[in-house]
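Enquirer: Here's a structure for you.
The values are calculated or read from the model by the stated rules, or taken from the named source; none is laboratory data. Fair warning: this is a prediction, and the values are worked out from it, not measured in the lab. We place every Cβ from the backbone using ideal geometry, glycine too, and count neighbours over all the protein chains shown.
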Number of protein chains: 2
Amino acid sequence: MIFELYYWPGIQGRGEFIRLALEEAAVEYVDIARMPKRGGMGIPAMMSFMEDSATERSMFTPPFLKHGEALIGQTANILLYLGSRLRLAPKDEAGKLWAHQLQLTIADLITEVHDTHHPIATNLYYEDQKAAAVKRAGDFKKYRIPKFLDYFEQVLNANTRRGRYMVGGRLSYVDLSIFQVVEGLRYAFPRTMAKLEQNYPGLIAVHDDVAIRPRIAAYLQSERRIDFNEDGIFRHYPELDK
Amino acid sequence: MIFELYYWPGIQGRGEFIRLALEEAAVEYVDIARMPKRGGMGIPAMMSFMEDSATERSMFTPPFLKHGEALIGQTANILLYLGSRLRLAPKDEAGKLWAHQLQLTIADLITEVHDTHHPIATNLYYEDQKAAAVKRAGDFKKYRIPKFLDYFEQVLNANTRRGRYMVGGRLSYVDLSIFQVVEGLRYAFPRTMAKLEQNYPGLIAVHDDVAIRPRIAAYLQSERRIDFNEDGIFRHYPELDK
């Protein structure tokens, strides 16, 4: 059964956490909103799940995933669904909930990353909230990045299983997401990360291990991997990284 | 097996979504951080799960729940765990994920509520970010409350099962959380809500149905229910509700 991913075309955004899982598992999937409208796909196909009040279970916002009869929204919830099916999460309930908990904490971090450039309103341009953004980004770099990364580094170090994985003794979607977090923070805040990275040798190693996995490496080289840009969640505005 | 809830004493906050589920299910639970230190409880007991790097699975932030060997963090994740055990969620996987998805969207709303009074930094006092808070709250009231409540009202109306529930044909933790969202928004933004509520007859009915459930009604009258206050997530600052 093909997986259908629905997410904004043109940005990595929250959809990227799903793409990385689908790519690592080498399953067949279609990135619907990036496909042509004339094939019944594209953005209109995505919007139909969001705006159509006739749908019993409508989606609040992308990303969401369709898999046969299943239609699932919220990034971490999608990964919860995929984790067991793609062998990217522990099988036992405790392990499953633990991986999900870490993913939800990553989701919180991602929301804070978004708010560094949009602290006042998503509806306003960055330029119209730049002064507040400078302040929020300042706090984020000084306190929030260390708070989150300290935590994830501690979780990694406290994992007693062999191997260098966030959860248990094998790769999970949490490792893939940590890769994406490191990539994104490096893109958005290169000066900050250059200083901070030495404090997180474990997380950097998780990142590096993911980057050279054959399927991920191939994906990153492909046209399916969208470049970071200033429409996404991780944005590079030099004035926010001073 | 007793449930141990760990959350900041003195505020409803995110812990309240868990308390409502435990109260409705009438299970035995201890609100650890509100208990005396000398019994080995209180805030130190809570902090020991967060700061102790010797713990294999440490918690990023409260609330978290201990239940026998299980230790679970992230509000929505805790409700996912409790849902099946307390009969407060559908049993089938699709229903379970759907309830969880709605709860995660409520969690997103709660984060935005928090940021109306702390748009720049949790580390700063409200007074030091009041100007930005007025702007963010303005956008929140005009665009974000309607966006979220329109969605939840639509979800409710699209539920084809009998009864007036957010998910399926019986009460779930999502209904309890909608109750809390309505209560909180009324507390924080009474003028705004007085105008908006007429647009959400379904959600208000869900709220009212929950409020008169015997166990919830008894809980709300008890000392276990902490009053809303200006240390919590829902805060009433008149200047943010003009």
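Enquirer: What single numbered condition from (1) away from chain B (no Cβ under 14 Å); (2) more than 18 Å from A:GLN103 (Cβ to Cβ); (3) surrounded by 17 or more Cβ atoms within 10 Å (Cβ to Cβ); (4) in contact with a strand residue (DSSP E or B) (Cβ under 7 Å, 6 or more places away or on another chain) fails to hold for A:GLY15?
Expert: (2)
Enquirer: Return yes when A:GLY83 is over 14 Å from B:GLN101 (Cα atoms), of a type outside the set (D, E, K, R), in contact (Cβ under 8 Å) with a residue 40 or more places away in the chain and surrounded by 23 or more Cβ atoms within 10 Å (Cβ to Cβ) and no when it is not. Walk me through how you get there before you give the answer.
Expert: On the way: over 14 Å from B:GLN101 (Cα atoms): yes; of a type outside the set (D, E, K, R): yes; in contact (Cβ under 8 Å) with a residue 40 or more places away in the chain: yes; surrounded by 23 or more Cβ atoms within 10 Å (Cβ to Cβ): yes.
Yes.
Enquirer: Follow-up. If only one of B:ALA205, B:ALA218, B:ALA137, B:ALA194 is among the small types (Gly, Ala, Ser), within 14 Å of chain A (Cβ to nearest Cβ) and either assigned to a helix (DSSP H, G or I) or touching a residue at least 24 places away in the same chain (Cβ under 8 Å) (or both), which one is it?
Expert: Details: B:ALA205 fails: within 14 Å of chain A (Cβ to nearest Cβ); B:ALA218 fails: within 14 Å of chain A (Cβ to nearest Cβ); B:ALA194 fails: within 14 Å of chain A (Cβ to nearest Cβ).
Criteria check complete, one pass: B:ALA137.
Per-residue answers, yes or no, for (1) within 23 Å of B:VAL134 (Cα to Cα); (2) modelled with pLDDT under 95; (3) in the same structural domain as A:PRO214 (by TED's automatic domain parsing):
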{"residue": "A:ALA132", "(1), (2), (3)": "yes, no, yes"}
{"residue": "A:ARG136", "(1), (2), (3)": "yes, no, yes"}
{"residue": "A:ILE145", "(1), (2), (3)": "no, no, yes"}
{"residue": "A:LEU149", "(1), (2), (3)": "no, no, yes"}
{"residue": "A:ARG161", "(1), (2), (3)": "no, yes, yes"}
{"residue": "A:LEU176", "(1), (2), (3)": "no, no, yes"}
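Enquirer: Give me a count of the residues in segment A:68-104 that are within 11 Å of chain B (Cβ to nearest Cβ), of a type in the set (A, V, I, L, M, F, W, C) and over 23 Å from A:SER58 (Cα atoms).
Expert: Total meeting the criteria: 5.
Enquirer: To continue, here is another question. Which ones in segment A:108-134 are in a loop (DSSP other than H, G, I, E, B) and either at the interface with chain B (Cβ under 7 Å from one of its Cβ atoms) or in contact (Cβ under 8 Å) with a residue 12 or more places away in the chain (or both)?
Expert: Of the residues in segment A:108-134, the ones in a loop (DSSP other than H, G, I, E, B) are A:118-125.
The answer is A:HIS118, A:PRO119, A:ILE120, A:ALA121, A:ASN123.
Enquirer: Still on this model: Looking at (1) within 28 Å of A:ARG225 (Cα to Cα); (2) more than 8 Å from chain B (Cβ to nearest Cβ); (3) not in a helix (DSSP H, G or I), can you tell me which one A:ARG162 breaks?
Expert: (1)
Enquirer: Look at B:MET50 and say whether it is within 12 Å of chain A (Cβ to nearest Cβ) and not in a helix (DSSP H, G or I).
Expert: Criteria not met by B:MET50.
So that you can scan it fast, the table gives a plain yes or no per residue for (1) out of contact with any helix residue (DSSP H, G or I) (no Cβ under 8 Å at 6 or more places or on another chain); (2) closer than 22 Å to B:ILE233 by Cα; (3) crowded, with 19+ Cβ neighbours inside 10 Å:
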{"site": "B:VAL27", "(1), (2), (3)": "yes, no, no"}
{"site": "B:GLY39", "(1), (2), (3)": "yes, no, no"}
{"site": "B:MET46", "(1), (2), (3)": "no, yes, yes"}
{"site": "B:GLU51", "(1), (2), (3)": "yes, no, no"}
{"site": "B:ALA54", "(1), (2), (3)": "no, no, no"}
{"site": "B:PRO62", "(1), (2), (3)": "no, yes, yes"}
{"site": "B:HIS67", "(1), (2), (3)": "no, no, no"}
{"site": "B:GLY73", "(1), (2), (3)": "no, yes, yes"}
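Enquirer: Further, regarding this structure: Please give the number of the condition B:ALA89 fails out of (1) crowded, with 23+ Cβ neighbours inside 10 Å; (2) touching a Ser or Thr at 6+ places or on another chain (Cβ under 8 Å); (3) in a helix (DSSP H, G or I).
Expert: Of the numbered conditions (1) crowded, with 23+ Cβ neighbours inside 10 Å; (2) touching a Ser or Thr at 6+ places or on another chain (Cβ under 8 Å); (3) in a helix (DSSP H, G or I), the odd one out for B:ALA89 is (3).
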